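Structure first, then comments.
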Amino acid sequence: MHDPVDIRRRIDRVVARVGRRDDYGQLLVDDFVAQRVEDIEDPEAWRAEIRRQARVDKIKIRTGNEDGLVWALRARRRSPETRALTDGYHALLSRTVPLAAERRHEAVLEIRDGDEVVCSCERCSAVGYASARDDVVGGSLFEDECPNEEPPKLTPLVMLHVPPSRRPTA
Ligand SMILES: [Zn+2]
């Protein structure tokens, strides 16, 4: 795995650059955003607010509420550049998120910017960083076991990037 000091430096850099995006901002970047229903006050209000902002921007989206997750998806034709970036990002997450799931973390996406991602665990302080371009993956999220004993809850990130056969069970 990668030098922890360099990982820390990379995380600080991307946090400084991007900070926290709100859910609609994340939808604009990723074409997809999801939250666990239990983490938000009112799932229907969440969907209504995303739809309202999409109407203002004249963006076509779909939203849903199923399996304890509320989500929004943007339907659009993407340019080859956008598609290459998104494909690289998905490949990166499909390679790294299973590492976090196997270590029983409840992995969530904190930041995505270009080819870089910062993920964290919802129930411990573990953080992970990955860059597709630099082929760098590191951080406690991908290397250390989650200290919580209960089986991890399903998160949107794990739902999207970890096949059911690789998810930890009770
Ligand atoms: Zn954890």
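Just one of (1) within 15 Å of the ligand (Cβ to nearest atom); (2) β-branched (Val, Ile, Thr); (3) surrounded by fewer than 20 Cβ atoms within 10 Å (Cβ to Cβ) trips up Val118, so point out which.
That leaves (3) as the condition not met.
Return the pair list, or none, for Cβ contacts closer than 6 Å from residues in the range 143-156 that are assigned by TED's automatic domain parsing to the domain that holds Glu122 and under 13 Å from Val97 (Cα atoms) to residues that are part of a loop (DSSP other than H, G, I, E, B) and not aliphatic (A, V, I, L, M), at least 6 apart or on different chains.
Thr155/Glu106
What's the number of the condition His161 fails, among (1) modelled with pLDDT of 95 or more; (2) surrounded by 15 or more Cβ atoms within 10 Å (Cβ to Cβ); (3) farther than 18 Å from Leu28 by Cα?
The single condition His161 does not satisfy is (1).
Can you pull out the residues in the range 56-108 that are within 27 Å of Arg133 (Cα to Cα), crowded, with 18+ Cβ neighbours inside 10 Å, among the hydroxyl-bearing types (Ser, Thr, Tyr) and away from the ligand (no atom under 16 Å from the Cβ)?
Within the range 56-108, Tyr89 is the sole residue that qualifies.
Restricted to the range 1-42, and to residues that are farther than 20 Å from Arg62 by Cβ, among the β-branched types (Val, Ile, Thr) and modelled with pLDDT of 85 or more, which residue is surrounded by the fewest Cβ atoms within 10 Å (Cβ to Cβ)?
Val5
The values are calculated or read from the model by the stated rules, or taken from the named source; none is laboratory data. Everything numeric here is computed off the predicted structure, so don't read it as measured data. Ideal geometry is used to build each Cβ from the backbone, glycine not excepted, and the neighbour counts take in all protein chains shown.
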